[in-house]
Amino acid sequence: MNLHSVFLRKGCILPNRLDPLQESVGDDWTMVEEIAASAFDAVIRQSGWHFIWVHGSSARRGFGTTRENATSRALTHALKGIAGRFNAAELDSVQVAKYPGFYMAQVAVEPRQIQQHTSLEMLDEGPGS
């Protein structure tokens, strides 16, 4: 996982012939492997679709006995903070601090939307979205 990694909500519809290698992250998300957000954006746009950048980050903390464990927990929590109407996210920042006996990570992700049309429709998010 690197800064500007792209995460797709499971069930995210992508343009035809676009099938990137993905790794599962938690119950609802996958990480697009080895493609930074800027390159992924270019591929989406070449297909005639849109990779819309949305304001409103989700930052969460995670604790663990290793750096990786703390970061993974923080990432999972941060992705849960992305509104249900958005089908993608981008890793914006990762900060890890070491304390006696544990690590604390803070991860921030930015919501993104992949869609064929140009306008971002305002959908009712309702409870749990």
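In order along the stretch 110-117, the phi-based Karplus estimate (6.51 cos²θ - 1.76 cosθ + 1.60, θ = phi - 60°) of 3J(HN,Hα) comes to 10, x, 9, 9, 9, 7, 7, 8 Hz; Gly and Pro are listed as x.
State to the nearest 20 debye the size of the charge dipole of the chain about its Cα centre, where the only charges are +1 on K and R beta carbons and -1 on D and E beta carbons.
Details: 12 positive and 14 negative charges, 66 e Å.
Value, rounded to 20: 320 debye.
Which part of the stretch 73-107 falls in the paramagnetic zone of THR65, meaning amide N under 11 Å from the point 7 Å along Cα-to-beta-carbon? Under 11 Å, as judged by backbone N against the label point of THR65, lie 102 of the stretch 73-107. Seen against the Cα atoms of the chain and their longest principal axis, helix 37-46 is set at about 10 degrees.
Legend: calculated FRET efficiency, ASN2 to GLN116, from the Cβ-Cβ distance at R0 = 25 Å, rounded to 0.05, equals 0.35. Against the chain, whose longest principal axis is taken from its Cα atoms, helix 67-80 shows a tilt of about 40°. Estimated at 0.36 nm per residue, the fully extended path between SER93 and LEU18 surpasses their Cα-Cα distance by 24.3 nm.
Subtract the Cα-Cα distance of GLU33 and ARG45 from 0.36 nm times their separation in residues, and report this length gain in nm to one decimal. Each step should come with its number before you reach the end.
Values: separation 12, 0.36 × 12 = 4.32 nm, distance 1.86 nm.
Taking GLU33 through ARG45 to full extension adds about 2.5 nm, to one decimal.
Dimensions of the chain along the principal axes, based on C-alpha atoms and rounded to the nearest Å, stand at 51, 34, 22, largest first.
We did not get these values from a lab; they are worked out from the coordinates using the rules stated. Keep in mind the model is a prediction, meaning the values are calculated, not measured. We place every Cβ from the backbone using ideal geometry, glycine too, and count neighbours over all the protein chains shown.
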